[in-house]
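Here is the structure we will look at, set down as C-alpha cells.
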Amino acid sequence: MIRRQGKRGGAGRRGAAAVELAAVTPFLLMMLLGIIEFGWMFTVRQGLVTAAREGARVASLPGSTEAEVEERVRTYLNPLGLTSYLFELTRATPENGQAETVRVSVPYAQVTLIGGFFTNTEFNLEATCSMRKEAVD
C-alpha cells in the first residue's frame, strides 16, 4: 500500500529547508570571507618576503646603491598594489658580520580586504632578509 502525502507535508519541508538555509548562510559567508582574507594576507606576506630577499640580493652586489635596492623592492611590491610601505636597509659592517639587511613592512590596515572584522589591525606584516656581502666596495 502506497501512501501519498498531501500538499501540506511537502510545503512544510520546503519551509524548514529555507529556515535552515537562512540560519547557516551567514556562517558560510563568514568562513568564505575569512578564507579569502587569509589567502590575500598570505600573498602579501610572500610578496614582502620576495621583495626583501631580492633587495638583499641587490644590496650584496659590489657597488650597489640604496636607490637600486629600493627600486628592486618596489618592482616586487607594485604588482600587489603596495605603494606605501616601510623600507629599511642596514649596510654591512664588521659588527653585523658583513651582512646587508633589508627590512620591508606594511601596516595590516592598509592591505586588509575586510577591515578589522576578524582581527585587530594594529600590527605590521613584515619581512627581513640578510645576505653576506662577498666583495668590498
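Computed values, structure above
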quantity: Residue count, region 109-137 (criterion: surrounded by 16 or more Cβ atoms within 10 Å (Cβ to Cβ) and out of contact with any Gly (no Cβ under 9 Å at 6 or more places or on another chain)); calculated: 6
quantity: Options Glu20, Glu54: the member that is part of a helix (DSSP H, G or I), charged (D, E, K, R) and without any contact (Cβ under 8 Å) to a residue 12 or more places away in the chain; calculated: Glu20
quantity: Some residue of region 25-40 being without any contact (Cβ under 8 Å) to a residue 12 or more places away in the chain, more than 25 Å from Val104 (Cα to Cα) and either touching a Pro at 6+ places or on another chain (Cβ under 6 Å) or of a type in the set (S, T, N, Q) (or both); calculated: yes
quantity: Residues of region 64-101 satisfying the condition of being farther than 11 Å from Leu48 by Cα, assigned to a loop (DSSP other than H, G, I, E, B) and not β-branched (Val, Ile, Thr); calculated: Ser64, Gly81, Ser84, Arg91, Ala92, Gly97, Gln98
quantity: Test for Ser64: is it more than 17 Å from Thr112 (Cβ to Cβ) and without any contact (Cβ under 8 Å) to a residue 60 or more places away in the chain; calculated: yes
quantity: Residues (loosely packed, with under 11 Cβ neighbours inside 10 Å and aliphatic (A, V, I, L, M)) located in region 21-43; calculated: Leu21, Ala22, Ala23, Val24, Leu28, Leu29, Met31, Leu32, Ile35
quantity: Scope region 44-67; condition in contact with a helix residue (DSSP H, G or I) (Cβ under 7 Å, 6 or more places away or on another chain) and loosely packed, with under 12 Cβ neighbours inside 10 Å; matching residues; calculated: none
quantity: Residues located in region 102-125, provided they are over 12 Å from Arg53 (Cα atoms) and charged (D, E, K, R); calculated: Glu122
quantity: Search result, residues across region 19-36 that are within 21 Å of Glu126 (Cα to Cα) and at pLDDT below 90; calculated: Gly34
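Yes/no matrix, rows are residues, columns are (1) among the small types (Gly, Ala, Ser); (2) modelled with pLDDT under 90; (3) under 14 Å from the mean Cα position of the chain (by Cα):
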| position | (1), (2), (3) |
| --- | --- |
| Arg91 | no, yes, no |
| Gly97 | yes, yes, no |
| Arg103 | no, no, no |
| Cys129 | no, no, no |
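The values are calculated or read from the model by the stated rules, or taken from the named source; none is laboratory data. Computed from a predicted structure; not experimentally measured. With ideal geometry, Cβ positions are generated from the backbone for all residues, glycine too; neighbour counts draw on all protein chains shown.
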